[in-house]
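Asker: I'd like to ask you about the structure that follows.
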Amino acid sequence: MAGGDELKLLGMWASPFALRVQLALSLKGLSYEYVEEDLKNENKSELLLKSNPVHNKVPVLLHNGKPICESSVIVQYIDEAFSGTGPSLLPADLYERALARFWAAYVDDKMLAAWNQSSRGKTEEERAEGEKQSAVAVENLEGALRECGKGKPFFGGDSVGYVDVMLGGLLGLVGAAEELQGVKHFDPARTPLLAAWAERFGALDAVRPVMPDVNRLVEFGKMLQARQAAAAAGAGN
């Protein structure tokens, strides 16, 4: 690694946010030490608590001992700190870079927020509204892929870019949601470009080794659902 840099990633195998960082590191061809965290409050490591005292959440990237937090910040940091290594994730053109940052934020602020509401809403009306907003967000991303990619394979054009990494980190959730809820977020009938993109992205040599097993994610999701149902039943007593 350039300059003898030391990289250590604090993550959790099912976290889509930690996955984003793993994808960026893999695409850039950077070696790093991965540390699996137990995110139960009583089991969080001293290293995590010290590195991210504000949120105590993963991912945290330690670069020569200095912590960088939040997946979007970390991915951009990796691209800038190791600009001479591997492909560039952010465009060189300032306008295109701003556009990439906009759509990356849209993934979390609109699409992921809608997905969460559709599955975790407290009432049927909240969940239905989440499903409606999710459909709108996915269709908008379909349009963004058409415009940003300009008919090319990825949001970054001919090669993977920042938006691809940010959205690609959610592909495990997409697969698990289809199994758990029967929801196909990237439906070839409605969003053919996104459906083809997901297949293409997931098949990349730098992506396959770090993607979580969908079956394991499904079992993890079932465990969380059972835990939530038990908590809700307890609260009603």
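The values are calculated or read from the model by the stated rules, or taken from the named source; none is laboratory data. Computed from a predicted structure; not experimentally measured. Heads up, the Cβs are rebuilt from the backbone with ideal geometry, glycines too, and the neighbour counts pull from every protein chain shown.
Asker: The conditions are (1) within 17 Å of Asp109 (Cα to Cα); (2) touching a Leu at 6+ places or on another chain (Cβ under 6 Å), and Gly121 fails exactly one of them. Which is it?
Answerer: Answer for Gly121: the failing condition is (2).
Asker: May I ask you to list the residues in the stretch 157-174 that are touching a residue at least 12 places away in the same chain (Cβ under 8 Å) and in a loop (DSSP other than H, G, I, E, B)?
Answerer: Ser159, Val160, Gly161, Gly169, Leu170
Asker: Continuing with this model, one more query. Of the residues Leu19, Leu48, only one is outside the structural domain of Leu194 (by TED's automatic domain parsing), part of a helix (DSSP H, G or I), at pLDDT 95 or above and in contact with a strand residue (DSSP E or B) (Cβ under 6 Å, 6 or more places away or on another chain); which?
Answerer: Every option except Leu48 fails the conditions.
Asker: Working carefully through the options Ala189, Ala206, Ala177, find the one that is part of a loop (DSSP other than H, G, I, E, B), hydrophobic (A, V, I, L, M, F, W, C) and touching a residue at least 60 places away in the same chain (Cβ under 8 Å).
Answerer: Within the list Ala189, Ala206, Ala177, the selection yields Ala206.
Asker: Ala198 is checked against (1) at pLDDT 95 or above; (2) under 17 Å from Glu96 (Cα atoms); (3) assigned to a helix (DSSP H, G or I) and fails just one. What number does that condition carry?
Answerer: (2)
Asker: Would you point out which residue out of Glu124, Glu178 is surrounded by fewer than 21 Cβ atoms within 10 Å (Cβ to Cβ) and under 18 Å from Pro16 (Cα atoms)?
Answerer: Glu178
Asker: Another question, if that's okay. Name the residues in the stretch 24-53 that are of a type in the set (Lys, Arg) and touching a residue at least 40 places away in the same chain (Cβ under 8 Å), would you?
Answerer: Lys28
Asker: Quick check, is Val58 among the hydrophobic types (A, V, I, L, M, F, W, C), in a helix (DSSP H, G or I) and surrounded by 15 or more Cβ atoms within 10 Å (Cβ to Cβ)?
Answerer: no
Asker: On to the next question. For the stretch 119-141, what are the residues that are assigned to a helix (DSSP H, G or I), of a type outside the set (A, V, I, L, M) and either within 15 Å of Phe186 (Cα to Cα) or out of contact with any Gly (no Cβ under 9 Å at 6 or more places or on another chain) (or both)?
Answerer: Matches in the stretch 119-141: Glu124, Glu125, Glu126, Glu131, Lys132, Gln133, Ser134, Glu139, Asn140.
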